[in-house]
Each structure stands twice: as C-alpha cells, then as structure tokens.
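The values are calculated or read from the model by the stated rules, or taken from the named source; none is laboratory data. These numbers come from a predicted model, not from an experiment. Note that we place each Cβ from the backbone using ideal geometry, even for glycine, and neighbour counts take in every protein chain shown. When the accessible area is computed, the model is the full protein with side chains, heavy atoms only, and any ligands, DNA or RNA have been set aside. Shrake-Rupley method; radii C 1.70, N 1.55, O 1.52, S 1.80 Å.
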Amino acid sequence: MEKNRWLIALSAIAIHLSIGGAHAYSVYKNPITEQMGWSTTNVTIAFTIMMGLAGFAAALFGNLVEKLGPRKSAIVAAVLFGSGQAGAGMAILLDSVILYWLTYGFLSGLGMGIGYIAPVSTLVKWFPDRRGLATGMAVLGFGSGALITAPVAAFLMGAVGISNTYFILGLSYFTLMFLGALYIAPPKESQSFQHGSTSAKIKALAQMSAREAVKTKHFWMLWTMHLVNVTAGIMMISIASPMAQEVVGLSAAAAATMVGLMGLFNGGGRLLWAAASDYIGRQNIFIIFFVIQIIAFTMLPFTTNILLFQLFIFLVVSCYGGGFSNLPAFASDLFGTKQLGVIHGYLLTTWSLGGIFGPMIVTFVRNATHSYIPVFYLFSILIGFSLMIALWLRYDLNKIKKRKETLSVSMPLQRKLSSLKK
C-alpha cells in the first residue's frame with residue numbers, strides 16, 4: 001500500500017510539534033523556583049543544556065539517523081525526549097537539581113536533536129517539487145510547539161502540580177512522536193516522481209556525501225550565513241521583553257503580549273518564507289533576510305513609535321524562523337539528498353553556537369554600555385557581512401548553473417557532429 005505524502009508531512013509535524021513544546025520552559029521557571037526553592041540559574045541551566053545539546057546531537061547522530069532510517073530514529077527520539085520530560089517530574093518529586101539537569105536537559109536535548117533531523121530528509125524526498133514547503137511544514141511545528149504547550153502546562157500545574165504536569169506531558173509527547181514515527185517512511189522508487197510536475201522539481205547541483213559537502217566553500221558560506229541569522233534571532237528573543245520596556249517604554253503586560261506574538265511570527269515565518277523559496281530561490285530568500293534585518297537593526301535605535309518598534313522585532317524573528325526551514329531545503333539544492341540528514345545535522349551546530357553567542361553578546365554589551373542601542377549597531381555589521389556572503393553565494397551558484405546549461409546544450413551538438421563525421 002502506497003503512503004500519502006501529506007500524511008507523511010503530518011507525521012513530521014507531530015514529531016516537531018512535540019519537541020518544540022520544550023520552548024515553553026519559561027512557564028515552569030517561577031513555579032519551580034517558588035515551590036522547590038531552586039535558584040533561577042539552576043532552572044535555566046537545564047534549558048541551556050537541552051538547547052545547547054540539541055544542535056550538537058543533530059550533528060553527532062546524523063549518520064546514525066541515516067543508517068536507522070526515519071522510523072527507528074524518530075522512535076529513539078520519542079523515547080529520549082518523552083523520558084526526559086517525564087524524568088523531570090521525577091526530579092521534582094525527589095528534589096534533585098542534578099537529576100533535573102540530566103533528564104530535562106540531557107535526555108530531552110538528545111531527543112530533540114535526533115527528532116529534529118529524523119523526518120526532514122525523508123520529507124524532502126516526498127516533496128521534490130516543493131522542498132521549501134515540505135521543510136517549512138515540519139519546522140512550523142517546531143516553532144509553534146510552545147504556543148500549545150505553554151497554556152496547557154500552566155493549566156496542568158495549577159490543577160495537578162508540577163511533577164504530574166511533567167509526567168502527563170512526557171507521556172503525551174512520547175505518544176504523539178511514536179504515532180508519527182510509525183507512519184513516516186521514505187518513498188518507494190515508484191513513488192518518488194509521481195507527485196508534482198517533473199519540470200517543477202528543483203534539481204540539486206550535485207549529489208554529495210557529508211564528507212564531500214563539508215570540504216566545499218558553499219557549505220561554510222551557508223553555515224556562516226545561518227550562524228549569524230540564528231545568533232541575531234536568539235539574541236532578539238532572549239531580550240525582547242526587557243528591551244522593549246527600556247527602549248520604548250512598553251508596559252510589562254504589553255511586552256508579554258509581544259513575546260506571545262513573536263511565537264506566531266517565528267512559526268509562521270518558518271512556513272511562509274520556506275514556501276516562498278520554492279518560487280524565488282533559497283539564495284534570494286537569505287538575501288531578503290539580511291536586507292530586512294539590516295534595515296531593522298539600523299532603524300531600531302531611532303524608533304520611538306511602539307508599533308513600529310515591535311514590527312521590526314517581529315520581522316527579525318520571522319527571518320530567524322525562516323532560516324531554519326530554508327536550511328535543509330537549501331542544503332538539498334546544493335548537495336542533494338544522498339546524506340541530507342547528516343549534512344543538515346552539521347549545519348545545525350549553528351543552532352547551538354547561536355544559542356550561546358546571542359545571549360552572551362547582548363549581555364556583555366548591555367553590561368558594558370548600560371544600553372541596548374550598541375547591540376543594534378553591532379548586529380547591523382554582522383548582518384552586513386552575511387549579506388555580502390549571500391550575494392557571493394548567489395553569484396557563484398548562478399555561474400555554476402550557466403556553465404551546466406552551456407554544457408547541456410553543447411554536448412548533444414558535439415555528439416551529432418561526431419556521428420556525422422562517422
């Protein structure tokens with residue numbers, strides 16, 4: 001029985017929606033510190049471990065994911081992530097910060113990294129005509145997971161307590177991920193080219209192994225572009241509320257609403273920017289990202305209008321989300337789907353590094369200058385550098401494509417001439 005590619009996409013969304021729920025960690029922070037007496041730092045360390053480990057786990061276990069296949073990999077991710085979340089409930093019961101770090105931080109981080117890359121390369125194979133849309137759908141789930149988890153977790157903590165909340169959500173995440181894993185599978189050879197117009201398919205420049213890909217300048221250009229995009233986005237997410245209150249005088253309640261809306265732009269940007277990339281090209285999308293962010297970061301220091309200030313923040317966050325959904329599709333354009341899971345994993349090291357550098361840079365500059373304004377100027381320079389790389393990459397890719405088109409025209413002509421000579 002042939003599988004439906006839209007149900008494959010739904011399975012991928014189920015997996016990403018579950019691991020994306022971890023972004024709602026802030027709703028646990030105050031209840032845990034108040035009930036357990038743990039410091040805010042100790043609670044935050046667990047989240048830092050999880051997010052830092054997720055990107056590196058994606059790189060470390062990329063080969064394993066390719067060998068096991070999407071189904072087994074997603075099941076492994078379900079076990080790790082589900083047990084990590086449920087284990088956090090046990091840590092609360094036992095009043096053990098160390099166990100909390102090991103479960104919510106370490107186990108969940110491993111599950112998140114493996115679960116993030118497990119469905120992506122498979123989804124790209126099911127949607128050769130719409131790679132951007134395919135990855136955008138999956139990553140939309142990751143960006144939107146917190147929107148569902150945050151209110152549910154807040155309600156459950158009030159109704160059944162913190163530890164039971166972790167038990168319930170851990171079991172729910174495992175179930176959702178396991179059900180998604182049961183259906184997800186790569187397409188059969190007979191199915192690979194049945195959907196969509198063949199002419200609409202975006203052909204990869206080459207089919208490379210991960211080892212071959214990392215030796216190319218295109219890999220490191222894409223890696224650098226995504227690192228800056230991620231660092232800028234995570235920096236903005238980490239300080240949005242206090243920054244808006246300080247710079248334009250937004251109230252604490254209004255800033256909280258703004259943070260909620262940022263989640264919508266983060267999730268929506270992942271789908272919309274990725275879908276647009278199928279029509280205007282991944283390289284052009286990244287150029288648009290950097291142009292938007294240069295305008296935003298250079299205008300923010302001079303913006304006193306509260307609505308306009310928030311609009312610039314929303315645009316930066318949408319580019320952040322869009323970068324994640326465009327990354328695997330762009331990698332498949334450049335290096336093919338031969339070892340996309342591994343290559344995508346290597347590129348996701350930017351996720352971990354951005355999570356470290358973004359908050360670190362803004363904290364250092366803010367403490368040194370007692371203002372957020374210099375942060376905007378610094379990121380304008382970094383993004384300007386990335387824009388130059390993006391323009392260089394587009395020029396390089398256009399040159400390669402023209403060379404291939406010339407060869408494809410000249411080769412049949414050469415064959416014809418040689419046959420005439422015979």
Inset, instruction - Go through the range 307-320 residue by residue and turn each phi into a ³J(HN,Hα) via Karplus (6.51, -1.76, 1.60, θ = phi - 60°); whole Hz please, and just put x for glycine and proline. - result: 5, 5, 4, 5, 4, 4, 5, 4, 5, 4, 5, 5, 5, 4
Legend entry - Amide N of the range 226-246 lying under 18 Å from the label point, which is placed 7 angstrom from the Cα of Asp396 along Cα→Cβ: 226-229
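State in Å² the accessible area per residue of the chain; use a 1.4 Å probe, count heavy atoms of protein chains only, and round to the nearest integer. All intermediate terms of the calculation are to be shown ahead of the outcome.
Numbers: 18030 Å² over 422 residues.
Here the per-residue accessible area is 43 Å².
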Inset, instruction - Report, in degrees rounded to the nearest 10, the 0 to 90 angle that the Cα long axis of helix 349-369 makes with the longest principal axis of the chain. - result: 50
Legend entry - Dipole magnitude of the chain about its Cα centre (Cβ charges: Lys, Arg +1; Asp, Glu -1), debye to nearest 20: 2260
Legend entry - Choice from Phe265, Phe385, Phe290 showing the highest fluctuation, given a GNM over the chain with Cα pairs closer than 10 Å: Phe385
Inset, instruction - Choose one answer from Gly260, Gly111, Gly136: the residue with the largest mean-square fluctuation in a GNM of the chain with alpha-carbon springs under 10 Å. - result: Gly260
Legend entry - Selected from Trp220, Trp351, Trp273 as most flexible by GNM, with the chain as the system and alpha-carbon contacts under 10 Å: Trp220
Inset, instruction - State the Cα centre-to-centre distance between the range 85-164 and the range 328-368 in whole Å. - result: 18
Inset, instruction - Run the quick spin-label model on Leu264 and Leu307: label points 7 Å from Cα toward the beta carbon, then report their separation in nm to one decimal. - result: 1.5
Inset, instruction - Quick one: angle between helix 282-299 and the longest Cα principal axis of the chain, in degrees between 0 and 90, rounded to 10, please. - result: 40
Inset, instruction - Mind pulling the angle between the C-alpha long axis of helix 70-94 and the longest principal axis of the chain? Nearest 10 degrees, somewhere in 0 to 90. - result: 10
Inset, instruction - Apply 1/(1 + (r/R0)^6) to the Cβ-Cβ distance of Lys72 and Thr33, taking R0 = 45 Å, and write down the FRET efficiency to the nearest 0.05. - result: 0.70
Inset, instruction - For Lys125, go through the aspartates and glutamates and keep the ones whose alpha-carbon is under 16 Å away, minus same-chain ones fewer than eight residues off. - result: Glu2, Glu66, Glu189, Asp278, Asp333
Legend entry - At R0 = 22 Å, FRET efficiency that the Cβ-Cβ distance of Ile148 and Leu179 yields, to 0.05: 0.85
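Compute the FRET efficiency between Ile356 and Leu60 as 1/(1 + (r/R0)^6), taking r as their Cβ-Cβ distance and R0 = 22 Å, and round to the nearest 0.05.
Numbers: r = 17 Å, r/R0 = 0.76.
Working from the Cβ atoms, E equals 0.85.
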Legend entry - Given the chain, longest segment not containing exposed loop GluC sites (Glu not before Pro) (DSSP; at most 16 other Cβ within 10 Å): 190-422
Inset, instruction - Set Lys and Arg Cβ to +1 and Asp and Glu Cβ to -1, take the dipole of the range 63-169 about its Cα centre, and tell me which of Leu133, Ser108, Ala74 lies farthest positive. - result: Leu133
